[in-house]
Amino acid sequence: MLFNDYSYLLRNILMLSYLISCYTFHAKLYKKLRNRIVKMSLLPRLVSTSVAIADHAGKLIRDIMSKGDLGIVTKEHAKDLQTKADRNAQKCIIGSLQKHFPKIKIIGEEEEEGTSDNIVDPSSIKVLDIKCPPEYENLKEEEVVVWVDPLDGTAEYTEGLLDHVTVLIGIATGGKAIGGIIHQPYYNYQNPGSPLGRTIWSTVGGNFGGITLQSPPSDSFIVTTTRSHSSSTVNDAVASVNPTQVLRVGGAGHKVLLLIEGKAHAYVFASPGCKKWDTCAPQAVLEAVGGTLADISGVPIPYDADAPHRNSTGVLAVASGVNFTEVLNKIPEHVKNNLKA
Ligand SMILES: Nc1ncnc2c1ncn2[C@@H]1O[C@H](COP(=O)(O)OS(=O)(=O)O)[C@@H](OP(=O)(O)O)[C@H]1O
Ligand SMILES: [Mg+2]
Ligand SMILES: [Mg+2]
Ligand SMILES: [Mg+2]
């Protein structure tokens, strides 16, 4: 009896000391990671944090779809949809960015403000090997504008075209896109058993991760454009670059991923419908891999805080290795002028 009491006590002491050592180990590891994050300069810290935030927003988007009640409402017109996933993802992204970077200016697609629930936990932030170009080493929060599209490809989300959906967090300073995060919550959803979702990140002039750059075929010229918002000007612009194939898909994030993975040569959208939160992150990722994104006349898109939200002069982008000027020179003057008017 006495022996049993002792062995019981000993077992509990051993168990307790094991738990304490586990806790101490994890607390030390956590502190070490936090210190590494805190010591990083702003841009890599913002990119690392935004990767965790975008991953979390992606989980919210999948949760809402799996529960089945999308809470769809229309915004400015019948084709302009918003779901509970757009709203919840925006609240999570803005709330988390504000918590970690209180002085940066954040511009999101939806009206929702950041909330304190669903804030990304600091322990989920991984220290990524992000290169900060020397000119941004001393960047301050006050100099940064972050453009957020919490769910790019809402119409496609509601229609079950899930690989068109992305979460976009674009980082800008001095009017230029300098960092981007594109999270694709349903990447691999048609390959059961493979890990679901992926996150691509970049710093312009630095490095990128989460994707393998592939060249598009050299014996064709594949163009990607909108699937839901065509017009005669949109179609004239596409036809003018003599495509061998046209991929009509949703989302600016998704279209730029097609350019990076060698599935399309150019993204041609001669329409004033796309916004800065659609293009900032994709542009930063595309430029980091050697591609180009500008307006339909080749003029750089400005990303300052007071820039108009709408990309009223359209979008033209090419994959790495495709000559932007050659494609631009094929866009007819009437297309460029229609968008300037
Ligand atoms: N007013 C207007 N005119 C022309 N085109 C427009 C307009 N509003 C939105 N769009 C295009 O519709 C697509 C979806 O819009 P958004 O990216 O803003 O929405 S969302 O992020 O998917 O919620 C997107 O195009 P694609 O994703 O390329 O199909 C937008 O560029
Ligand atoms: Mg929208
Ligand atoms: Mg969008
Ligand atoms: Mg959106």
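The values are calculated or read from the model by the stated rules, or taken from the named source; none is laboratory data. A quick note: this is a predicted structure, and the numbers were derived from the prediction, not measured. Counting neighbours? That spans all protein chains shown, and the Cβs are built from the backbone with ideal geometry, glycine included.
Overview of results
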item	result
Some residue of region 85-93 being away from ligand 4 (no atom under 15 Å from the Cβ) and either in a helix (DSSP H, G or I) or outside the structural domain of GLY179 (by the TED database) (or both)	no
Unique residue being without any contact (Cβ under 8 Å) to a residue 60 or more places away in the chain and surrounded by 23 or more Cβ atoms within 10 Å (Cβ to Cβ) when the list is ILE296, ILE260	ILE296
Residue tally, condition within 16 Å of ligand 2 (Cβ to nearest atom) and either more than 20 Å from LYS131 (Cα to Cα) or over 15 Å from the mean Cα position of the chain (by Cα) (or both), over region 276-306	4
In region 211-257, residue surrounded by the most Cβ atoms within 10 Å (Cβ to Cβ) [restricted to those that are within 23 Å of ALA281 (Cα to Cα) and charged (D, E, K, R)]	LYS255
Yes/no for ALA281 being outside any helix (DSSP H, G or I), in contact with a Leu (Cβ under 6 Å, 6 or more places away or on another chain) and surrounded by 20 or more Cβ atoms within 10 Å (Cβ to Cβ)	no
Check on ASN188, surrounded by fewer than 24 Cβ atoms within 10 Å (Cβ to Cβ), in contact (Cβ under 8 Å) with a residue 60 or more places away in the chain and farther than 20 Å from LYS275 by Cα	no
Failed criterion for PHE221 (all others in (1) within 19 Å of TRP147 (Cβ to Cβ); (2) more than 16 Å from ligand 4 (Cβ to nearest atom); (3) aromatic (Phe, Trp, Tyr) hold)	(1)
Candidates GLU112, GLU142, filtered to the one that is acidic (Asp, Glu), without any contact (Cβ under 8 Å) to a residue 60 or more places away in the chain and more than 24 Å from LEU42 (Cβ to Cβ)	GLU112
Complete set of residues in region 59-105 that are within 16 Å of ligand 3 (Cβ to nearest atom) and within 23 Å of GLU143 (Cα to Cα)	GLN90, ILE93, ILE94
GLY71 being farther than 16 Å from LYS275 by Cβ, in a helix (DSSP H, G or I) and either within 16 Å of ligand 4 (Cβ to nearest atom) or not hydroxyl-bearing (Ser, Thr, Tyr) (or both)	no
All positions within region 285-321 that are assigned to a loop (DSSP other than H, G, I, E, B) and under 14 Å from LYS255 (Cβ atoms)	GLY291, ASN311, GLY314, ALA319
